[in-house]
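Asker: Take a look at this one; I'll ask things after.
The values are calculated or read from the model by the stated rules, or taken from the named source; none is laboratory data. Quantities reported herein were computed from a predicted structural model and do not represent experimental measurements. Neighbour counts run over all protein chains shown; Cβ positions are idealised from the backbone, glycine included. Heavy atoms of the whole protein, side chains included, go into the accessibility calculation; ligands, DNA and RNA do not. Shrake-Rupley method; radii C 1.70, N 1.55, O 1.52, S 1.80 Å.
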Amino acid sequence: MKVKDGFILRKMSDMGVVAPVGEISENFHGMVTLNQTGIYLWELMQQEITGEQLAESLMEEYDVDQETAAQDVENFLRKAREAGIVQD
């Protein structure tokens, strides 16, 4: 999976805001806010990556166990899919 084209991330302090640009902005009204973990996952998803790889990266970066990392990735991806900002 990967972030869809037409969305950009702007970092503000310890938060991030994802906003549509170009043609996408005609149909997508609003923004998505991300915490530090969300920003980290978003940046990894600029290239094609699997959910497993995302969880492994979280385990390394944040020193969390596999179950916590997998759950965090699952929650992030569910919300990202609902918002329509990722492609599988």
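Asker: Being among the basic types (Lys, Arg) and in a strand (DSSP E or B) is the filter; apply it to the range 1-25 and report the residue that is surrounded by the fewest Cβ atoms within 10 Å (Cβ to Cβ). Can you show your working first?
Answerer: So the first thing to find is which residues in the range 1-25 are among the basic types (Lys, Arg), and the list is 2, 4, 10-11.
In the following step, the residues that additionally are in a strand (DSSP E or B) were identified as 2, 10-11.
Values: LYS2: 13, ARG10: 10, LYS11: 12.
Across the range 1-25, the extreme among qualifying residues is ARG10.
Asker: State all residues of the range 26-53 that are polar (S, T, N, Q) and open to solvent by 50 Å² or more (accessible area, probe 1.4 Å); if no residue qualifies, say none. I'd like the intermediate steps shown before the answer.
Answerer: Within the range 26-53, the first condition is being polar (S, T, N, Q), and the residues that meet it are 27, 33, 35-37, 46-47, 50, 53.
If the condition is that a residue be polar (S, T, N, Q) and open to solvent by 50 Å² or more (accessible area, probe 1.4 Å), then ASN27, THR33, ASN35, GLN36, GLN46, GLN47, THR50, GLN53 are the ones that fit.
Asker: Something else about it: Looking at the range 48-88, which of its residues are among the β-branched types (Val, Ile, Thr) and over 10 Å from the mean Cα position of the chain (by Cα)?
Answerer: Step one: list which residues in the range 48-88 are among the β-branched types (Val, Ile, Thr), which gives 49-50, 64, 68, 73, 85-86.
The answer is ILE49, THR50, VAL64, THR68.
Asker: Among the residues of the range 54-67, count how many are of a type outside the set (Asp, Glu) and open to solvent by 30 Å² or more (accessible area, probe 1.4 Å).
Answerer: 4
Asker: Return the pairs, sorted by first residue and then second, in which the second residue is surrounded by 10 or more Cβ atoms within 10 Å (Cβ to Cβ) and in a loop (DSSP other than H, G, I, E, B), the first residue lies in the range 13-33 and is at negative phi and of a type in the set (Asp, Glu), the beta carbons are less than 9 Å apart, and the residues are 6+ apart or on different chains.
Answerer: Taking only residues 6 or more apart or on different chains, the pairs are ASP14/ASN35; GLU23/GLY6.
Asker: Now a separate question. Need pairs with beta-carbon distance below 8 Å; first residue at positive phi and surrounded by 14 or more Cβ atoms within 10 Å (Cβ to Cβ) and within the range 68-88, second assigned to a loop (DSSP other than H, G, I, E, B) and modelled with pLDDT under 90; sequence gap 6+ or separate chains.
Answerer: GLY84/PHE28
Asker: Give the residues of the range 1-47 that are over 15 Å from ILE85 (Cβ atoms) and within 12 Å of the chain's Cα centre (by Cα), sorted by residue number.
Answerer: Scanning the range 1-47 gives ASN35, GLN36, THR37, TYR40, GLN47.
Asker: Do we find a residue being assigned to a loop (DSSP other than H, G, I, E, B) and small (Gly, Ala, Ser) anywhere in the range 47-67?
Answerer: First, the residues of the range 47-67 that are assigned to a loop (DSSP other than H, G, I, E, B): 47-50, 63-65.
Among the residues that remain, those that are also small (Gly, Ala, Ser) are: none.
No - not one qualifying residue is present in the range 47-67.
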